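Notes for the one structure printed next.
The values are calculated or read from the model by the stated rules, or taken from the named source; none is laboratory data. Note that the coordinates shown come from a computational prediction; the quantities given were computed from them, not determined experimentally. Cβ atoms come from the backbone with ideal geometry, glycine included; neighbour counts cover every protein chain shown. Only protein heavy atoms, including side chains, enter the accessible area calculation; ligands, DNA and RNA are left aside. Shrake-Rupley method; radii C 1.70, N 1.55, O 1.52, S 1.80 Å.
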Amino acid sequence: MSLTDILSSSDIAAALRDCQAPDSFSPKKFFQISGMSKKSSSQLKEIFRILDNDQSGFIEEDELKYFLQRFEGGARVLTTSETKTFLAAADHDGDGKIGAEGIVVNDEQ
């Protein structure tokens, strides 16, 4: 399964266009534009599984910087600041990694 089986390619493209400039990435806004904020819990778990590059059950900081590239290979890498901010917002237990429950796509983030 790929991300475009769950999210529309046009929504993904729009979300990537919105954060092309360095330090312009906002997880909440990206989730809204890409359509992730409208997906069910099971669909979000599948998206997480696809984004978890090494299939460890977690997304660590070194994977997170390539978050946008998981949506489109030519997308930019997140800046160090964006990566750390994203990780801090989603790492609820402070272990330096995000579990499936850490991808909050509603107004809580």
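Tabulated values for the structure
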{"item": "Scope the stretch 83-99; condition out of contact with any Pro (no Cβ under 6 Å at 6 or more places or on another chain), buried (at least 19 other Cβ atoms within 10 Å of the Cβ) and in contact (Cβ under 8 Å) with a residue 60 or more places away in the chain; matching residues", "result": "none"}
{"item": "Test result for residue 18, surrounded by 15 or more Cβ atoms within 10 Å (Cβ to Cβ) and among the acidic types (Asp, Glu)", "result": "yes"}
{"item": "Residues that are open to solvent by 50 Å² or more (accessible area, probe 1.4 Å) and either within 19 Å of residue 2 (Cα to Cα) or modelled with pLDDT of 95 or more (or both), drawn from the stretch 47-64", "result": "49, 53, 54, 55, 56, 58"}
{"item": "All positions within the stretch 1-55 that are touching a residue at least 40 places away in the same chain (Cβ under 8 Å), of a type in the set (Gly, Ala, Ser) and touching a Ser or Thr at 6+ places or on another chain (Cβ under 7 Å)", "result": "15"}
{"item": "Subset of the stretch 34-50 (residues that are assigned to a helix (DSSP H, G or I) and within 16 Å of residue 70 (Cβ to Cβ))", "result": "34, 36, 43, 44, 45, 46, 47, 48, 49, 50"}
